[in-house]
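First comes the structure, then the notes that go with it.
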Amino acid sequence: MEAGCCYVPLMRIVVTAGPTREAIDPVRFISNRSSGRMGYAVAEEAVARGHGVVLIAGPVALADPPGAQVIRVTTSEDMLAAVGNALESCDALVMAAAVADWRPVTVSAEKIKKSRIPPVIRLEPAPDILKTLRPRKGGRIFVGFAAETGNPLPEAVRKLRDKGLDMIVANDVSQADAGFDVETNRCTLVTGEDEAVALPLMSKMDVAGRILDWIEKRRAG
Ligand code: CTP
């Protein structure tokens, strides 16, 4: 092998996956349709490449990928705390989780009876994990996801800038073969250099590979 031509630095990578749940009472919550498959694919592929992986997962029905340190969380607040703890010793953060944007202002300690359910549940913003941790980014590589309905590119570019990301993975989740709970995805990788690489329909494992190729290349300088 020619010296330096194929050097891939091993990294410590934090990956988030799945939805979060924001409780209304002990039996009800606000959540979303994320299955966690995309984040799990990134974690699995990163382990296969020899990276150290911390996978922070919301409630999903997937088996832990062997070789990753898995931390299970429920709420956006839990996920923020777990990512915050893991950040210090990591080189890259891949935020594939579909974090709730809103949470109930008050959580009832007891099940709310049908007859007493208020017609309106008051909500407040849940913490934005990427924005909150942005001041601690330093030289770390931050990758986000923009799952949109319709053309995802304008929103992806807005989020890339707004959240200070190095790359954002944009996809249109209204397509049957690229949305929630399917094994395939059709993404565009948008970078801070305003490059947009449209990937064809491929398995989430292959998308994970493309994301990691980019992170490794960026890390190698
Ligand atoms: N994200 C986050 N914290 C949140 C919500 C989202 O860190 N509370 C991260 C997601 O993990 C993803 C990126 O931000 O990597 C974009 O998430 P998305 O839900 O598409 O965007 P939002 O910021 O929620 O904006 P909008 O609701 O307008 O789409």
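Of the numbered criteria (1) more than 8 Å from the ligand (Cβ to nearest atom); (2) of a type outside the set (F, W, Y); (3) closer than 19 Å to L212 by Cβ, the one A146 fails is (1).
Each residue in the range 113-137 was checked for being at pLDDT 95 or above and either out of contact with any helix residue (DSSP H, G or I) (no Cβ under 9 Å at 6 or more places or on another chain) or closer than 21 Å to F29 by Cβ (or both), and 10 of them qualify. Would you check if there is a residue in the range 91-98 being away from the ligand (no atom under 14 Å from the Cβ) and either over 29 Å from L10 (Cα atoms) or touching a residue at least 40 places away in the same chain (Cβ under 8 Å) (or both)? Looking for residues that are away from the ligand (no atom under 14 Å from the Cβ) and either over 29 Å from L10 (Cα atoms) or touching a residue at least 40 places away in the same chain (Cβ under 8 Å) (or both), one finds at least one in the range 91-98, hence yes.
The condition of being away from the ligand (no atom under 12 Å from the Cβ) and either assigned to a helix (DSSP H, G or I) or of a type in the set (A, V, I, L, M) (or both) holds for A109.
Against the list (1) near the ligand (Cβ under 9 Å from one of its atoms); (2) farther than 11 Å from T191 by Cα, the condition K137 fails is (1). I'd like the full set of residues that are in a helix (DSSP H, G or I) and either farther than 21 Å from G39 by Cβ or without any contact (Cβ under 8 Å) to a residue 40 or more places away in the chain (or both), limited to the range 192-219. Selection gives D206, R210, D213, K217.
You will find that of D101, D128, D78, D64, the residue that is among the acidic types (D, E), surrounded by 13 or more Cβ atoms within 10 Å (Cβ to Cβ) and in contact with a strand residue (DSSP E or B) (Cβ under 6 Å, 6 or more places away or on another chain) is D64 and no other.
The values are calculated or read from the model by the stated rules, or taken from the named source; none is laboratory data. The structure displayed is predicted, hence computed values, not measured ones. A quick note on method: Cβ atoms are made from the backbone with ideal geometry, for glycine too, and the neighbour counts reach across all protein chains shown.
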